[in-house]
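The values are calculated or read from the model by the stated rules, or taken from the named source; none is laboratory data. Values in this document were obtained by computation on a predicted structure and should not be read as measured data. Neighbour counts are summed over all protein chains in view; Cβ atoms, including those assigned to glycine, are modelled from backbone coordinates with ideal geometry. Please note that ligands, DNA and RNA were not included when accessible areas were found on the heavy atoms of the full protein model with its side chains. Shrake-Rupley method; radii C 1.70, N 1.55, O 1.52, S 1.80 Å.
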Amino acid sequence: MLRLISRSILVLMTWGLCQGAPCDAAPIVPGQTTFYGRAIQDVRILGGTSINPGPEFVIDDLFGDGYIIIDRQAQVGNSISFTGVDSVFSGFRPELGFYTFGAAGSVGVGSFHGTIDNIIQDPADPGFAAGAPSSLISGDLTIDVPSFYFQLAGGAITLETGAEFTFTALLDGLPPRTATLLEGRVPVNEIPVYFGQELVGYSSDRRIEIRAVPEPSSMVLLGIGGLALVGYGWRRKRQSIA
């Protein structure tokens, strides 16, 4: 419901901006987009297996920090299709040591693809008429993940999931301008994890917290503020010496 209300407000805003002015948006051009953030999931490690001879145990909120890279096709209508280039998240837990998980690219295990639908572009964006990705202010993101991997023991052990699932989110930018939650959806929340043909555990409650990317104007203001502080400190130092 909130998503519908937010989209309606955006449509009204863009309609208002277009009154009395040219408003021909060019389709967003193809290219790559990187999302940085933290992937989180709950993991149940079965006991009496090749990777865990001991008893079963559960790790809540197993997380890794990293990124997702997508290769976007040109926008068609109000949708963009994309394929996954890479997805890598890394972390450390005493029970597992250092680990990596994700899909495609770096290890060549797993894959993903998806769409951005119901795209709304901002007429006030400088790249609006050129199809720049910065012109996107709303779109429904869906990422389909047929499988993804876990790497343990410095890459010596690779585990792979055995069920497809999706992530969904409402984007406010490409990449997002504000922190965005990618929610994992699957018919059965708990999906199996295999070491070769051996069932060794389950993954559940998957989500990815995507970090916000500051607007270029915000970065300029931060830079100016930093220079001002440096200048202020330099003046104070000269005054104290004098």
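When the surface is traced with a 1.4 Å probe over the full set of protein chains, F128 keeps roughly 20 Å² accessible. Here segment 49-104 and segment 153-176 have alpha carbon centers that stand 4 Å from each other. The relative contact order of segment 24-95, computed from alpha carbon pairs under 8 Å that lie at least 6 residues apart in sequence, is 33 percent. Ordering A129, G66, P94 by Cα displacement along the dipole of segment 20-173 toward the positive end leaves P94 in first place; charges were set at the Cβ atoms of Lys, Arg (+1) and Asp, Glu (-1).
Using R0 = 41 Å, the C-beta based FRET efficiency linking V85 and V188 works out to 0.90. Over all orientations, segment 92-177 has a Cα convex hull whose mean projected area works out to 7.5 square nanometres.
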